[in-house]
Amino acid sequence: MNIILLGPPGAGKGTQARLIENSRGLVQLSTGDMLRAAVAAGSEVGLKAKAVMEAGGLVSDEIVIGIISDRIDEPDCQNGFILDGFPRTLPQAAALEDLLASKNKSLNAVIEMRVDDEKLVERITGRFTCGDCGEGYHDTFRTPKEEGKCDNCGSSNFKRRADDNEETLRTRLLSYYKETSPLIGYYFAKDNLASIDGMADMSEVTNQIETILASA
Ligand code: ADP
Ligand code: AMP
């Protein structure tokens with residue numbers, strides 16, 4: 001099963017992708033995570049992407065399509081994957097369709113996660129993750145059970161993203177509304193879209209996604 005989680009920054013795509021990954025044996029493919037790894041490694045892609053990401057803009061279609069194309073060929077993706085943060089533009093969506101067709105794969109569902117803009121600001125400015133295992137947290141909505149210690153791996157190495165500030169978020173939201181939100185209409189017209197209430201509690205959001213996947 002291959003699915004897309006579609007929504008603005010802070011909608012809960014990464015949180016839910018990690019949960020479905022475990023429950024369904026799918027692989028989370030986050031282009032944001034892949035690009036951050038490329039930046040950290042100082043690779044050619046990372047050098048090209050760094051300044052754009054810091055400013056909250058979109059990395060070129062050519063770069064992200066190349067990353068995804070290589071990644072979905074890997075053995076762990078053959079059972080299915082969850083695209084988180086890709087596609088983000090209409091050309092990326094078209095390229096994905098061609099890629100999947102050329103590999104005899106298809107999309108089972110595109111799930112749009114709807115969250116109010118004010119809530120996105122609150123979610124993004126309070127977000128942090130475990131630097132060792134990637135578990136996601138929030139200052140208010142999901143704090144570690146034991147302060148300063150990751151629930152999942154026990155690490156104290158927490159990180160906050162440099163672009164998770166209110167000013168950069170506004171640019172990221174502009175990119176979302178200008179470039180990415182047209183994909184909602186695009187997938188609706190292709191009869192592939194399901195929309196859910198991303199404002200609900202995390203477990204309720206998971207239930208809504210599981211219901212869609214059960215009939216996908
Ligand atoms: P995205 O991957 O879409 O950018 P995340 O999954 O990283 O978003 O979620 C952004 C922040 O909001 C994180 O700190 C996460 O813990 C929190 N969060 C995610 N889903 C919910 C929810 N349903 N209710 C409250 N907080 C949430
Ligand atoms: P994310 O982790 O999804 O919030 O992505 C972080 C940043 O990576 C974005 O603000 C973009 O600069 C870049 N990025 C991630 N995915 C894409 C994509 N599909 N297309 C263009 N840029 C992307």
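The values are calculated or read from the model by the stated rules, or taken from the named source; none is laboratory data. All values derive from a computational prediction rather than experimental measurement. Cβ placement follows ideal geometry from the backbone for every residue including glycine, while neighbour counts extend to all protein chains displayed. Ligands, DNA and RNA are excluded from the accessible area calculation, which covers all protein heavy atoms including side chains. Shrake-Rupley method; radii C 1.70, N 1.55, O 1.52, S 1.80 Å.
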Residue order for Leu29, Leu90, Leu107 - accessible surface, 1.4 angstrom probe, largest first
Leu90, Leu107, Leu29
Relative compactness, region 46-120, computed as alpha-carbon Rg over 2.2 N^0.38 Å:
1.25
Which one, Ala40, Ala216, Phe158, projects farthest toward the positive side of the charge dipole computed for the chain from Cβ point charges (K/R +1, D/E -1)?
Ala40
Have a look at Leu35, Leu169, Leu99 and tell me which one the Gaussian network model of the chain (Cα, springs below 10 Å) gives the largest fluctuation.
Leu99
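Can you give the net charge of the other residues whose Cβ lies under 12 Å from the Cβ of Arg172, counting K and R as +1 and D and E as -1?
Working: positive: Arg88, Arg161, Arg170, Lys178; negative: Glu54, Asp117, Asp163, Asp164, Glu166, Glu167, Glu179.
For residues surrounding Arg172, the net value is -3.
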Quick one: net charge around Ala94, please, counting Lys, Arg +1 and Asp, Glu -1 for every other residue with C-beta under 15 Å from its C-beta.
-3
Over the Cα atoms of the chain, compute the convex hull volume and normalise it per residue, giving Å³.
121
List the Cys residues of the chain that have no partner Cys with a C-beta closer than 4.7 Å.
Cys77
Max mean-square fluctuation residue, GNM over the chain, Cα-Cα springs under 10 Å, options Asp117, Asp73, Asp197:
Asp73
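Restricting to DSSP H runs of at least four residues, report the calculated mean residue ellipticity at 222 nm for the chain, -39500 (n - 2.57) per run over all residues, nearest 500 deg cm²/dmol.
Working: 9 runs with 99 residues, N = 216.
When only DSSP H runs of four or more count, the value is -14000 deg cm²/dmol.
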Simple SL model, points at 7 angstrom along Cα→Cβ for Lys105 and Asn22; separation in nm is 2.4
